[in-house]
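Structure first, then comments.
Just so you know, all these numbers are worked out from the coordinates, no wet-lab data involved. Values in this document were obtained by computation on a predicted structure and should not be read as measured data. Here the Cβ positions follow ideal geometry from the backbone for every residue, glycine too, while neighbour counts run over all protein chains shown.
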């Protein structure tokens, strides 16, 4: 006979299942197991099964509007950690460059568009929230020797948005949230101790979402996908693809091992450089056109 604790564990395990259909099937099956064991009534089992199927059916793709509002919420959290850099001219330059790159991406239009903002921090970091909110620190800008290298940073973050890497993490929380409701419905007849344990498990899972986006960063695979997107966009716009390698090489000399910024949230630059060189070859950086150089020099004076 399955125990109450084992049944609660079964509900918790469901949070790790990626397939919505499987989630609904196993949720309903678990409820029937509990009913047959005499832990809950058949009516309660039917209620849980119905909830599981409804939760499974609700996992449709986010709309552009939903993506925007989710990203805005993530952006608000980022701005609690970092102060915006209040220089209108510098932000205008970054937005002009960023909008140009975003327009050449595979996801050129978002609900209410892309927005780029400089952050007043010496940390080396760049962050992309769903919907096209992209943040770059002054520390990251200082890793860029020219406009081509800054375009590489921005194109990489646009790549995260176009590949919907942020939404992939948030969709996990959506599954967890639905299963929280499912678990609580099935736990009405359970003891207070088990209910408290289940609630704490799912609450902790929900808290992990913003930590993943801001503190831990995207997966290695997602970072490499964003790099690949970046070199494609840079080629379309006319920037040197080798600039991404050059920027990473410069960054590697500035990163503090074990630091709380880029070194913590991204793969080792050496690994990314090796993968990029496999994709684009051993292309060397050429000289930037004079107008491009002049724009970047004016921007760096604003940042001084």
Can you sort 134, 232 so the residue with the fewest Cβ neighbours within 10 Å comes first?
-> 232, 134
How would you rank 253, 283, 110, 137, going from fewest to most other Cβ atoms within 10 Å of each one's own Cβ?
-> 253, 283, 110, 137
Residues in region 269-286 that a label on residue 254 would reach, taking backbone N under 17 Å of a point 7 Å out along Cα→Cβ = 269-270, 273
Inter-label distance for residue 96 and residue 236, nm, one decimal - labels placed 7 Å from Cα along Cα-to-Cβ | 2.2 nm
By Cβ neighbour count within 10 Å, fewest first, 114, 107, 85 rank 107, 85, 114
Roughly what % antiparallel, to the nearest 5, for the DSSP beta bridges in region 65-139?
-> 50 percent
A chain fully extended from residue 103 to residue 87 at 0.36 nm per residue, minus the present Cα-Cα distance, gains in nm 3.4 nm
Under the 7 Å Cα-to-Cβ spin-label approximation, residue 72 and residue 294 lie apart by a distance in nanometres of 4.0 nm
